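The values are calculated or read from the model by the stated rules, or taken from the named source; none is laboratory data. From a predicted model like this one, the values you see are computed outputs, not experimental measurements. Methodologically, a virtual Cβ is constructed for each residue, glycine included, from the backbone with ideal geometry; neighbour enumeration extends over all protein chains shown. SASA here: full protein model, heavy atoms, side chains in, ligands and nucleic acids out. Shrake-Rupley method; radii C 1.70, N 1.55, O 1.52, S 1.80 Å.
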Amino acid sequence: MMKKAKRGQISLEFMLIFGIMLILLLYSVNNITFREGSTSIETLRIQVSLEEKNLANAISNTISQVYAQGPGAKSTTYVKLTYLRDAGMLEKALNLGSPNIFITYGNYSNDGNGTYVTVTGTGFTPVLTGGNKNVFWSRSMYQAVPYGNPSVWSPSGSITVGTITLYGLEIDPTSLPPTLKIVVEWNPDQPESWTFDSAKGELRININPGG
């Protein structure tokens, strides 16, 4: 009788452990599938936002360094990218179709000049403030407003905020490298320009305060 009781106890313990493992497995599958409203989707959105903000900061800080040094100055910064170069992740995180990375520079919100970074695509509506913010900005010392000039940007794209059209870089996320090289210089002999070279994995910016 004791043996039978022991066997029954072991069987119950096994079923309990099996049940717990099954629950954990189902929870993991739910997370991996990135269902709308799940913990993973919210976490993914936060990671994308942090990467956008980090990229905006890196660009603005490098521009500030060059602007502070004066004509002839040049500076290089490297930024690691994970989420912004994965179109599938961006679609899931932001609920967008055909996502692109959009980068521009200027003063739209009257808080000063700086770099704007967002992810555009089918269903995109720019939100600059609040809990649903999807456009990230970083202040820079350089007082220029090139977002009104489409010739500054290559490859060029645009978004409309209210009644204002903002021009900037429009980059296919799959063309971004794991580590983006940002090169900023102040060459008075060259016009203002922002160029992304996918073959080199490089974003090259020339500022020209007098031009």
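Observations on the structure shown:
- Number of residues in region 159-189 that are of a type in the set (Gly, Ala, Ser) and open to solvent by 60 Å² or more (accessible area, probe 1.4 Å): the value is 1.
- Residue list for region 158-200, restricted to those being touching a strand residue (DSSP E or B) at 6+ places or on another chain (Cβ under 9 Å), among the charged types (D, E, K, R) and assigned to a loop (DSSP other than H, G, I, E, B): ASP172, GLU192, LYS200
- Checked against (1) open to solvent by less than 20 Å² (accessible area, probe 1.4 Å); (2) touching a Pro at 6+ places or on another chain (Cβ under 8 Å), ILE59 meets all criteria but (2).
- Region 95-117 - residue that is at negative phi and open to solvent by 50 Å² or more (accessible area, probe 1.4 Å) and, of those, modelled with the highest pLDDT: ASP111
- Among residues of region 123-150 that are at positive phi, those with a Cβ under 8 angstrom from a residue that is open to solvent by 70 Å² or more (accessible area, probe 1.4 Å), sequence gap 6+ or separate chain, pair up as GLY123/ASN95.
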